[in-house]
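The values are calculated or read from the model by the stated rules, or taken from the named source; none is laboratory data. Everything numeric here is computed off the predicted structure, so don't read it as measured data. Here the Cβ positions follow ideal geometry from the backbone for every residue, glycine too, while neighbour counts run over all protein chains shown. With ligands, DNA and RNA removed, areas are computed over all heavy atoms of the protein, side chains included. Shrake-Rupley method; radii C 1.70, N 1.55, O 1.52, S 1.80 Å.
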Amino acid sequence: MGQEQFDTDVFVVGGGPAGLAAAIAARQQGFSVMVADSATPPIDKACGEGLMPDALLALRQLGLSVGSGEGGTFQGIKFIGPEGGVLARFPQGEGIGIRRTLLHQTLLEFASSLGVQTLWNTSVSGVQDADVRVGSGVIRTRWLIGADGQHSRVRNWAGLSAAREQAKRIGIRRHFQAAPLSDFVEIYWGAQGQVYVTPIGKKEICVALISRKKFPSFEAGIAQFPPLARHLANAQCTTRVRGSITASRRLKSVFRGRVALIGEASGSVDAITGEGLAMAFRQAIALSHALAAGDLSLYQAAHRQTSSLPSFMAQSMLLMDRSPWVRQNALRAFTRKPALFERLLSVHVGELALRDFGIPGILNLGWQILVA
Ligand SMILES: Cc1cc2nc3c(=O)[nH]c(=O)nc-3n(C[C@H](O)[C@H](O)[C@H](O)COP(=O)(O)OP(=O)(O)OC[C@H]3O[C@@H](n4cnc5c(N)ncnc54)[C@H](O)[C@@H]3O)c2cc1C
């Protein structure tokens, strides 16, 4: 890149969780960093708002500690089907449910304290080589990071849109003033999709419904899950309904030249995994190392690694979503063998390697589902 003059080392398009995490990690490598977002903070988005222990670990690696004082805590995951429920505790630590706006504000305050420059209410309308069109001006950057979400325009501009897309579902969420039914994230399985309930305070819960079907209203969707509908019947809603598409998408490549993609711009797994934010935080760390080494192919390799387990888990859960037979038998098998469910959760949060769960573990799981 010779003697080229730049206004900033790193320019990040999109100041959602992935963009701010990328900015934090790049700043910690000593780069000057600017972030632009067309929205104004704190930015809200449809989300289940659960941070599992692996997400909290990645945040701590970024230098940020999110404590239980900022939200609700949960000890593991509970699956609930028509025949009953089964729960698994995290092997270590606990999860935190945190309002999306509070998470955004926390990330933003930390980024600002490190010297990240932010431009809000500012849309990026084009990119050419090192030039980024920002509002009515142009900013020259050494590295460009596309963190502009699922419908990323940076991805198109950089010619990185080639992807394998597996499934798209609709996610809607709403908050309620109600005591959590347990200190677990509860996932209700039904014929039309899943609802998951995350404690985000002592007396507040986030309820997210994910389905292939578009329901006429949030209430109509929740009515598919009678025990939950009863719990919510007299609870006061504290927010409007917010919705978003959740997609399983794997890009062929997440970088080209000096442009790299992160977060949902770089591909995604279905929201049911609850892993979107953890993946983005891990990608931010990997990307900062690749920037420091001046070699984005390192990021490509790390990105593939951070995505492979969540993709596998998403495919398994989507199979349970699509096939009533698999769903019912899996729920029965987990209820009969809770230790199996607990080991799967350990794999899910990265405490147990899939290879240590092993072929015998997978065969046992398959057998338990067959005979359930
Ligand atoms: C229903 C649902 C439930 C979910 N539940 C969970 C969960 O419990 N736990 C979890 O970890 N994950 C969950 N996820 C996934 C999680 O929400 C995403 O992984 C996360 O939002 C991705 O963050 P991001 O920064 O990549 O994208 P976004 O949050 O979408 O941010 C992209 C930003 O880019 C900005 N932008 C776009 N275009 C431009 C432009 N041209 N110029 C400037 N700015 C631009 C936008 O304004 C936006 O702020 C859920 C998702 C859904 C849909």
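Hand me the list of strands (runs of 3 or more DSSP E) wholly inside region 156-212 holding 2 or more residues that are near the ligand (Cβ under 10 Å from one of its atoms).
Counting at least 2 such residues, we get 163-177, 193-201, 204-211.
Sort through Arg140, Arg133 and tell me the only one that's farther than 16 Å from Arg258 by Cβ and part of a strand (DSSP E or B).
Arg133
Tell me which of these Ala290 doesn't satisfy, since it passes every other one: (1) open to solvent by 10 Å² or more (accessible area, probe 1.4 Å); (2) more than 16 Å from the ligand (Cβ to nearest atom).
Unmet for Ala290, out of (1) open to solvent by 10 Å² or more (accessible area, probe 1.4 Å); (2) more than 16 Å from the ligand (Cβ to nearest atom): (1).
Go over the candidates Gly263, Gly276, Gly201 one by one and state the one that is at pLDDT 95 or above and open to solvent by less than 40 Å² (accessible area, probe 1.4 Å).
Gly263
With the requirement that a residue be in contact with a Leu (Cβ under 8 Å, 6 or more places away or on another chain) and among the hydrophobic types (A, V, I, L, M, F, W, C), what does region 104-115 give you?
As a first pass, look at region 104-115 and keep what is in contact with a Leu (Cβ under 8 Å, 6 or more places away or on another chain): 104, 106-108, 110-111.
Hits for region 104-115 are Leu107, Leu108, Phe110, Ala111.
Just name the residue that is nearest to Ser268 (Cα to Cα) out of those in region 120-154 that are of a type outside the set (A, V, I, L, M, F, W, C) and open to solvent by less than 20 Å² (accessible area, probe 1.4 Å).
Checked region 120-154; the qualifying residue nearest to Ser268 (Cα to Cα) is Gln150.
Six or more apart or on different chains, Cβ atoms under 6 Å: show the pairs whose first residue is in region 36-49 and over 16 Å from Ile205 (Cα atoms) and within 6 Å of the ligand (Cβ to nearest atom) and whose second is open to solvent by 40 Å² or more (accessible area, probe 1.4 Å) and part of a loop (DSSP other than H, G, I, E, B).
Asp37/Trp120; Ser38/Ser123
Determine which single condition Gln92 fails, assuming it passes every other condition in (1) within 11 Å of the ligand (Cβ to nearest atom); (2) at pLDDT below 95; (3) polar (S, T, N, Q).
(1)
Within region 308-326, track down each residue that is of a type outside the set (Asp, Glu) and either free of Cβ contacts under 8 Å to residues at least 24 places away in the same chain or open to solvent by less than 20 Å² (accessible area, probe 1.4 Å) (or both).
Selection gives Ser308, Pro310, Met313, Ala314, Ser316, Leu318, Leu319, Met320, Arg322, Ser323, Trp325.
Of the conditions (1) within 16 Å of the ligand (Cβ to nearest atom); (2) small (Gly, Ala, Ser); (3) open to solvent by 10 Å² or more (accessible area, probe 1.4 Å), Ala229 satisfies every one except a single condition; which number is it?
(1)
For region 1-110, which fully contained strands (runs of 3 or more DSSP E) count at least 1 residues that are open to solvent by 30 Å² or more (accessible area, probe 1.4 Å) and on the phi < 0 side of the Ramachandran plot?
Counting at least 1 such residues, we get 8-13, 72-74, 76-81, 84-89.
Being open to solvent by 30 Å² or more (accessible area, probe 1.4 Å) and within 9 Å of the ligand (Cβ to nearest atom) is the filter here; which residues of region 239-260 pass it?
Within region 239-260, Arg242, Gly243, Ser244, Ile245 qualify.
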